[in-house]
Amino acid sequence: MAWLGFAILALVLWGITGVTQKLSTNRISSERSFLWFAGPWLRCRGCCCGCAAALGLGTTVVVCSVAGGALNGLGAWTSFKALESGGKAQS
């Protein structure tokens, strides 16, 4: 049942994230908000790929991980764009 605690925590954190994203897009563009969101992850991608190679992860695992990260990033960007375009974030 530990998964339930993690799932509830994820929902709470995503809810808080929605509010902070809305606050940021009230003041700066969705593109700039996304750069602040993704910047730390973009800077460490070389380190992540190096760690994946050092751990001996297969190509499929690395490709799926990169695809998951890219889809997460696109989801975040579209979320910022929706909020910038007048979407509401509920707290």
Next item on the list: Give, as a single signed number, the net charge of other residues whose beta carbon lies under 15 Å from the beta carbon of residue 23, with Lys and Arg counted +1 and Asp and Glu -1.
Entry: +3
Item checked: Solvent-accessible surface ranking, highest first, for 17, 60 at 1.4 angstrom -> 60, 17
Next item on the list: For residue 77, tell me the accessible area in Å² from a 1.4 Å probe, rounded to the nearest 10.
Entry: 90
Note to self: Please give me the summed charge of the neighbours of residue 77: other residues whose Cβ is under 13 Å from its Cβ, Lys and Arg +1, Asp and Glu -1.
What the structure shows: 0
Notebook entry, point to check: Of 16, 28, which has the most accessible area and how do the rest follow, probe 1.4 Å?
Noted result: 16, 28
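The values are calculated or read from the model by the stated rules, or taken from the named source; none is laboratory data. Note that the structure is a prediction, hence the values are computed from the model and not measured. Cβ atoms come from the backbone with ideal geometry, glycine included; neighbour counts cover every protein chain shown. For the accessible areas, the whole protein counts, side chains as well, though only heavy atoms, and no ligand, DNA or RNA atoms are used. Shrake-Rupley method; radii C 1.70, N 1.55, O 1.52, S 1.80 Å.
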